[in-house]
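The values are calculated or read from the model by the stated rules, or taken from the named source; none is laboratory data. Just so we're clear, the structure is a prediction, and the values are computed from it rather than from any experiment. Quick reminder, even Gly has a Cβ in these numbers, built from the backbone with ideal geometry, and neighbours come from all protein chains shown. Side chains are part of the model used for accessible areas, which takes the heavy atoms of the whole protein and leaves out ligands, DNA and RNA. Shrake-Rupley method; radii C 1.70, N 1.55, O 1.52, S 1.80 Å.
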There are 4 protein chains.
Amino acid sequence: MALVPVAVVGPLQIELGEYELEEPEGRLVERSRAPDEVFVPLANTEGGLSISVSRGARAAQESGGFRTYVLADRVTRASAFLFESTAEAAAFARWIEQQLDEMRSWLESEPMSGLSKHAKLRELETHVVGPMCHVMYAYTTGDAVGMNMITRNSYALDQGFVTERAPVKPRRALLEGNMGGDKKPSHRYFERGGHGKTVIAECTLAEDAVRRVLKTTVADLLDLAFVGTHGAVASGMQSVAFTPPSAIAALFIATGQDVGMVGTSSMAHGTAHRVDGGLHATIRLPGLEVATIGGGTTLPSPRSWLRLMDCEGPGKVYRLAQVVAAATLALEISASAAMATAGSENFYKAHLERGGLR
Amino acid sequence: MALVPVAVVGPLQIELGEYELEEPEGRLVERSRAPDEVFVPLANTEGGLSISVSRGARAAQESGGFRTYVLADRVTRASAFLFESTAEAAAFARWIEQQLDEMRSWLESEPMSGLSKHAKLRELETHVVGPMCHVMYAYTTGDAVGMNMITRNSYALDQGFVTERAPVKPRRALLEGNMGGDKKPSHRYFERGGHGKTVIAECTLAEDAVRRVLKTTVADLLDLAFVGTHGAVASGMQSVAFTPPSAIAALFIATGQDVGMVGTSSMAHGTAHRVDGGLHATIRLPGLEVATIGGGTTLPSPRSWLRLMDCEGPGKVYRLAQVVAAATLALEISASAAMATAGSENFYKAHLERGGLR
Amino acid sequence: MALVPVAVVGPLQIELGEYELEEPEGRLVERSRAPDEVFVPLANTEGGLSISVSRGARAAQESGGFRTYVLADRVTRASAFLFESTAEAAAFARWIEQQLDEMRSWLESEPMSGLSKHAKLRELETHVVGPMCHVMYAYTTGDAVGMNMITRNSYALDQGFVTERAPVKPRRALLEGNMGGDKKPSHRYFERGGHGKTVIAECTLAEDAVRRVLKTTVADLLDLAFVGTHGAVASGMQSVAFTPPSAIAALFIATGQDVGMVGTSSMAHGTAHRVDGGLHATIRLPGLEVATIGGGTTLPSPRSWLRLMDCEGPGKVYRLAQVVAAATLALEISASAAMATAGSENFYKAHLERGGLR
Amino acid sequence: MALVPVAVVGPLQIELGEYELEEPEGRLVERSRAPDEVFVPLANTEGGLSISVSRGARAAQESGGFRTYVLADRVTRASAFLFESTAEAAAFARWIEQQLDEMRSWLESEPMSGLSKHAKLRELETHVVGPMCHVMYAYTTGDAVGMNMITRNSYALDQGFVTERAPVKPRRALLEGNMGGDKKPSHRYFERGGHGKTVIAECTLAEDAVRRVLKTTVADLLDLAFVGTHGAVASGMQSVAFTPPSAIAALFIATGQDVGMVGTSSMAHGTAHRVDGGLHATIRLPGLEVATIGGGTTLPSPRSWLRLMDCEGPGKVYRLAQVVAAATLALEISASAAMATAGSENFYKAHLERGGLR
């Protein structure tokens, strides 16, 4: 057994959305919004992490709290079909792009055993390069991350539907040809989502909270945003952010998420700009891969931590995604503030005293 | 407490290098090479992961084993200095680029309390954009990851050396301006390293082992490599690989590494090509951030798992980096083989039967 | 006046497709395919360029010629709307995503003067980040590149449709917020197209032609492809290719295309793999921005060069795109062959003798 | 012959630096700075381009003019050596990294005919991946772009020096393995330079000039910078800029530069932020590939246009690079201003009236 200590932090004040998927395209619709207060469990061995998330949460609370939005929900498996020529691959692409409705019906007809009803095919996109046609099957998977179920359904599509019916037979069918984005950060999924929930947390920090709680100023934070954004661009980061993986890893371990997905789930696009009376700050996580059922979430300890956040079991995954986003923004705010002080003195002190990254 | 079950897998047969740092530039020198057999602990909740790493290890063993190399060792903190104009930033850059030797002496003179002797400044690079000069301080940090110690030393440099001596005074000094690559994958660190160990594992799979152990053929694996490499390019991945984060996360949790660094540590550049009698396969991890001392490695459970691999304590970090790289390649080999079979049938079956990703 | 000498090269033997746009979505449909022989004009001051394109064309001709495919046709203008909050931006996105049909009707109703009938709105995509909603308007523009016309129509949409009807009023509307891909290479447009024609040229080089015409071997070319593909990945290139811009610039100058679009039009994803009897080679140009009417194509000299290729005037733009792709592949083949010879001797000799890049 | 009309625009008021290369490392040293007024020739068929560059130049002039800096000068040829194993490639890398001084002496000893004295080897960097070792030879090449001469010298190094002396013989030597950055934009060269001059132009726009000449406000321009920077990040652009290729293509055609290099030369990283009394704006061109001798610059028309700018012949290449950067910033300023007005009305009008992109 590996053991990681868990600290509970909060409460985070969050205005959360309630979401539903429209059938059959799987577009997310916001049904309502409501405020809540949530305590979050952080599994980590850094002293400073919890203190920093707390501080960010407090600054937000004194500024009206966080607001969170789920923009999209998808999980992608990208099969690849190899042909003798581009001619064949292009003809195949034209054909398969017309099969979405048919595929949905076929999957629902239970043509094979082992298929998942929870993995619903929502979109299909092709990419022809050389003699290959990559096919991105995009699903929704309920409250699970769903890599397992979409793998089974995609295999069924490839073997039972595509290779049976395609007017041009592929020389080879591969269940995944590496455009699917599983666990590896890529621009495709940074921009568009397609691996988990696309979620944004925002907060308008009041000038006073910045000064009293965060010990810095709006002007300082703006200078940091200017430097940090251009630093991210200069280094070719598929993110603009300071330290999302610290918060996300801590929440993932505590709640039994797949830690192999910390990298993709932590791709982040943050913004900051001055508004009347303070600073508007946001973070966009394009592919947050969280679950409230299945996998590691079924173990007792994760289950209890999910329960603490009222995120246990079916129907809770969008709530969990929003809580993770809010906690991530809380850490961004506090870490940025530590960095933005003159010479980043507070960031340094945190490292000196607490051995933490903030 | 968060609990994650740990499975022990192996042995992995590895020919490992012994490395030393040359003073003062910190260039790695290989002193010797020796074969070894290593059991590795994988903390995870997926049934299939251990089976898959085992299978890859067996295929390698029947083919002469893995060989591993550490190419470089660095950890970077990128301070940023903001000026009134590009003129000032450029003049500052010209000045600071000449200060490396002086900075080294200064740090050794113990000018401030709280500095780390283990974090040795090796290189310094500037990047001027707009009115900013980013300064990448690249250190080695012994057997620790060292973010903490390089933060303290960089703060000392910024506040005690740079702002004191610079002929052009910055309007603002930030300890980190986001070019430093901490926890966020970026092209800079994918290509060049600079966050942890740059390590390569290789293996020449014998045709027979591919057939008997991996249940596939060299031709199948080559087709997969062709499709997977172009799929990675098409989706803008800063990697060419299938599933490094699964292996790396499992080893990181077991051995008390910083799980927030799974994303950067899993950036990977894999290759595969046909050679006489089989397939040559490699994986390059440009920024593997592992430690054998400090942080989570000091807890009893991580310590015992490190001991199992003979990677506990001082002087063992290059060994640990190589073992992680070999285990990652073992998983790549097995997962690729499952995917390369006709229609990726074996990959599908693994998901159906074991709920695993391989 | 700037003068650039033009050389005529060929003939290129090409099997070309005939394409039409389906209304109203603007999906490309291939109506027929037919072989042709085409001479191409190359405006350049390098001696070696024409010789190299010729040689590649001859190798292809002895191998059955080139085959070309147009996969997609789009030009994008990405307006951006700035709001007080992400809440507003997200609500706006949900609204505007439903307006595509309505916008099409509105544009056709001639609500403002100066609109273009040739720029037809095909798709609309949103991207919410921070308090912004970027809106990618994707058009087809007939035989023109059409930046001008889509700018006018997008302005009309922003000012006459969106800001009038949106349930949430933006604080600011910008005609282009830099996601539109105009003249600047980006991953979005490398992967998906959206700026010009997405076109692939392919060729199966016969072993004999490789030896006699290209003075190299299939094995040599495969080694080069292996090295060159991984070199592209390692350097973070949004391309896998050797020298497309040389061919594309020469054709652009000769035919009066916008030379500012050479960079985006030269993004290229090439592949090469062994097939029975030879080597299959392709190049994919995701965003080739060519026109047969308007802009510089109306001048006498460009017009005559377009006529030489039977690409002058309306109805010829897909033909032109395919000819450019074939010429680009001809150069890739020849330059690669020069590089693939032992020690790249032939590439070197070309530089020594002719001052050319091949 | 291809003919392109040329317009002369200006004067641009620029404070330019005088630079020299330090021997033998080739570091640039600024010797002095002096103001000048320069007229620039723009070869293009867009009515709006000249008007827009003029307007930007006038706004700069009323604000104290442009200031330009050359930060670095390099041209790279990246040979690749293929081995039987990573072991060999890594051993080779360790060896070749120590050969820089020896190589310089060897090249100076005229070991082969056809070598160029103007191409001076300055740096050498290796990149080991799989069984390959890429070797980036970085040169300076005087007033020429120098692809030709560095190709010859690199071939000599590969064949006469490396394969003779290397303790581990490569299975294959390729003159270029695609890490060299020739004509294809990549992150490596966007960040670090290495293909031409790294040059920055800056300007502090006075509030009054923004209002009177540019017809917009500093606040408007800041909002545009905010949106445009995040739009660039979202779309995976290896640039943050609006329309550098328009200016650079026009100057390249007029002055006989290699138009195939417009894409790489136009990679740009722009910044804008508020300062007392106005807006500080910069553009960084990391790899501007210009020449004042050789290639197309020797033709009469380019020569006369170079003369107009006092950039003809030897000793003028840094001046030319700075003038191009200033003209590029002039266009950025004016195009941005047109876009930043309410609803981007002025940008639209430019398209409506003049068929221009500004």
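Listing for the model above:
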| quantity | calculated |
| --- | --- |
| Flag for B:R94 being outside any loop (DSSP other than H, G, I, E, B), within 14 Å of chain D (Cβ to nearest Cβ) and of a type in the set (K, R) | yes |
| Members of region B:159-169 found to be more than 8 Å from chain A (Cβ to nearest Cβ) and within 34 Å of the chain's Cα centre (by Cα), listed by number | B:G160, B:F161, B:V162 |
| Top-ranked residue of region D:40-64 - restricted to ones that are open to solvent by less than 50 Å² (accessible area, probe 1.4 Å), of a type in the set (A, V, I, L, M) and assigned to a helix (DSSP H, G or I), ranked as nearest to B:A87 (Cα to Cα) | D:A60 |
| Residue that is within 14 Å of chain B (Cβ to nearest Cβ) and at negative phi, where the choices are A:L3, A:L21 | A:L3 |
| Test: residue in region D:302-310 that is buried (at least 24 other Cβ atoms within 10 Å of the Cβ) and small (G, A, S) | no |
| Test: residue in region B:124-145 that is more than 21 Å from B:E84 (Cβ to Cβ), part of a helix (DSSP H, G or I) and touching a residue at least 40 places away in the same chain (Cβ under 8 Å) | no |
| Scope region D:116-144; condition touching an Asp or Glu at 6+ places or on another chain (Cβ under 9 Å), open to solvent by 30 Å² or more (accessible area, probe 1.4 Å) and farther than 30 Å from B:T282 by Cα; matching residues | D:K117, D:H118, D:K120 |
| Criterion violated by C:L16 - all others in (1) within 30 Å of D:M339 (Cα to Cα); (2) within 13 Å of another protein chain (Cβ to nearest Cβ) satisfied | (1) |
| Flag if A:T292 is modelled with pLDDT under 95, more than 8 Å from chain B (Cβ to nearest Cβ), open to solvent by less than 10 Å² (accessible area, probe 1.4 Å) and within 20 Å of the chain's Cα centre (by Cα) | no |
| Residues (within 14 Å of chain D (Cβ to nearest Cβ) and assigned to a helix (DSSP H, G or I)) located in region C:325-343 | C:A327, C:T328, C:L331, C:E332, C:A335, C:S336, C:A337, C:A338, C:M339, C:A340, C:A342, C:G343 |
| Sole residue being surrounded by fewer than 19 Cβ atoms within 10 Å (Cβ to Cβ), acidic (D, E) and assigned to a strand (DSSP E or B), chosen from B:E102, B:E84, B:E110, B:E37 | B:E37 |
| Subset of region A:224-233 (residues that are at the interface with chain B (Cβ under 7 Å from one of its Cβ atoms) and either touching a helix residue (DSSP H, G or I) at 6+ places or on another chain (Cβ under 6 Å) or within 15 Å of D:F226 (Cβ to Cβ) (or both)) | A:L224, A:V227, A:G228, A:H230, A:A232 |
| Helices (runs of 4 or more DSSP H) fully within region D:198-284 counting 3 or more residues that are among the hydrophobic types (A, V, I, L, M, F, W, C) | D:218-234, D:244-254 |
| Enumeration of residues in region D:87-98 that are within 29 Å of the chain's Cα centre (by Cα) and closer than 17 Å to D:Q159 by Cβ | D:I96 |
| Tabulated pairs, region B:96-116, first at pLDDT below 95, second open to solvent by 40 Å² or more (accessible area, probe 1.4 Å), C-beta under 7 angstrom, 6+ apart or interchain | B:G114/A:L352; B:G114/B:R152; B:L115/B:R152; B:S116/B:R152 |
| Top-ranked residue in region A:65-81 [being assigned to a strand (DSSP E or B) and small (G, A, S); ranked as surrounded by the fewest Cβ atoms within 10 Å (Cβ to Cβ)] | A:A72 |
| Members of region A:145-158 found to be among the hydrophobic types (A, V, I, L, M, F, W, C) and open to solvent by less than 10 Å² (accessible area, probe 1.4 Å), listed by number | A:I150, A:A156, A:L157 |
| A:T271, sole failed condition from (1) closer than 18 Å to A:F347 by Cβ; (2) out of contact with any Lys or Arg (no Cβ under 7 Å at 6 or more places or on another chain); (3) of a type in the set (S, T, N, Q) | (1) |
| Residues located in region B:301-324, provided they are of a type outside the set (F, W, Y), assigned to a helix (DSSP H, G or I) and in contact (Cβ under 8 Å) with a residue 40 or more places away in the chain | B:S301, B:P302, B:R303, B:L306, B:L308, B:V317, B:R319, B:L320, B:A321, B:Q322, B:V323, B:V324 |
| Any pair with Cβ under 6 angstrom, 6 or more apart, that starts in region C:188-202 at a residue that is more than 14 Å from chain D (Cβ to nearest Cβ) and ends at one that is open to solvent by 10 Å² or more (accessible area, probe 1.4 Å) | C:T198/C:L71; C:T198/C:A72; C:I200/C:R284; C:E202/C:R67 |
| Yes/no for B:A209 being of a type in the set (A, V, I, L, M), open to solvent by less than 10 Å² (accessible area, probe 1.4 Å) and farther than 30 Å from A:T86 by Cα | yes |
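Conditions tested, residue by residue: (1) within 7 Å of chain B (Cβ to nearest Cβ); (2) open to solvent by less than 10 Å² (accessible area, probe 1.4 Å).
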residue	(1), (2)
A:Q238	yes, no
A:A241	yes, yes
A:P245	yes, yes
A:A250	no, yes
A:T255	no, yes
A:D258	no, no
A:T264	no, yes
A:H269	no, yes
A:A272	no, no
